[in-house]
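Only one structure is covered here, and it is reproduced in the block below.
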Amino acid sequence: MPKYRPILKTRKPMPISQQDRVLTPDGIERLQGCLECTDWTVFIDACDDFDELTDTIDSYINFCEENVTTVKKINKFPNEKPWVTKELRELLRKKRQAHKNNDLEENEKDNKKNKKTC
């Protein structure tokens, strides 16, 4: 007699691709340099009212930020929990490996680390 398996368990969840902007330490220095060498009086002289000045400066800062950041593609799965970080995932992977190898001492160490991390 065949066993019933729910569709959710037979199919792998499809990742959701997302692009995030990453600011590297080198990018922070470049952004600071870009903003330090800017002549802000040009913006003040070119704008008539405060709202226009705010929009113009905001657009310029976004432009500088886009020039120095890099785009990183991230795959997120719908079943991922937001509190599970990369470090916690690595600890859980080590714990599973120790459990498979029947290494009780390592498993206990990993349990303690997981509790501290959580």
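Read the figures in this text as sums done on the coordinates, not as results from a lab. Values in this document were obtained by computation on a predicted structure and should not be read as measured data.
In this structure, the pairs whose alpha-carbon distance is over 32 Å, taken from K12/K100; K3/K109; K72/K100; K12/K73; K72/K109, are K3/K109; K72/K100; K72/K109.
Of all aspartates and glutamates in the structure, the ones whose alpha carbon falls short of 16 Å from that of K95, not counting any fewer than 8 places away in one chain, are E87, D103, E105, E106, E108, D110.
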